[in-house]
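Readers should treat all values here as calculations from the given coordinates under stated rules, not as data from a laboratory. Note that the structure is predicted; figures quoted are calculated from it, not measured. Note that each Cβ is placed from the backbone with ideal geometry, even for glycine, and that neighbours are counted across all protein chains shown.
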Amino acid sequence: MSRKGKKIDGGFVALPHNLIESEAYKFLSAIAKLAYTYFKRDVRNGHQTEVVLTFGQAQKYGVCNSPTTFSKAKQELVKHGLL
């Protein structure tokens, strides 16, 4: 059996099962989940504890186009203890 579809080049962002099964993650909006993935993408090694995603980066990555929406997504992530 062969795989069909397009290959995705590059790295990946691991989201542990216990995270995606957690109540905190389940209650996030779709935009907050996407923003969280890009926040995690910024972590380069196990020693880095701070992550940064600017509104400009969020626009570039297609997370959102509104600063208000971006701010709400960050507030959700903080509220649920993910940032």
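Computed per residue of the chain from DSSP H runs no shorter than four, each worth -39500 (n - 2.57), the mean residue ellipticity at 222 nm is -13000 deg cm²/dmol. Partners of Lys79 within straight-line reach, counting aspartates and glutamates whose Cα lies under 13 Å from its Cα and excluding those fewer than 8 residues away in the same chain: Glu23. Straight distance only, please: which aspartates and glutamates reach the Cα of Lys72 with their own Cα at less than 13 Å, same-chain residues fewer than 8 apart left out? Counting by Cα, and skipping residues close in sequence, Lys72 has no aspartates and glutamates nearby. A Förster distance of 25 Å, applied to the separation of the beta-carbon atoms of Thr54 and Lys79, puts the FRET efficiency at 0.80. Using the Cβ of Lys60 as centre and a radius below 14 Å, the other residues enclosed give a net charge of 0, where K and R count +1 and D and E count -1. Excluding same-chain neighbours fewer than eight residues apart, the lysines reachable from Lys74 by a Cα-Cα span under 28 Å are Lys26, Lys33, Lys40, Lys60. Converting phi to 3J(HN,Hα) with the Karplus coefficients 6.51, -1.76 and 1.60 and the offset θ = phi - 60°, the stretch 66-83 yields 10, x, 5, 5, 5, 4, 5, 4, 5, 4, 4, 5, 5, 4, 8, x, 9, 10 Hz in sequence order, with x at every glycine or proline.
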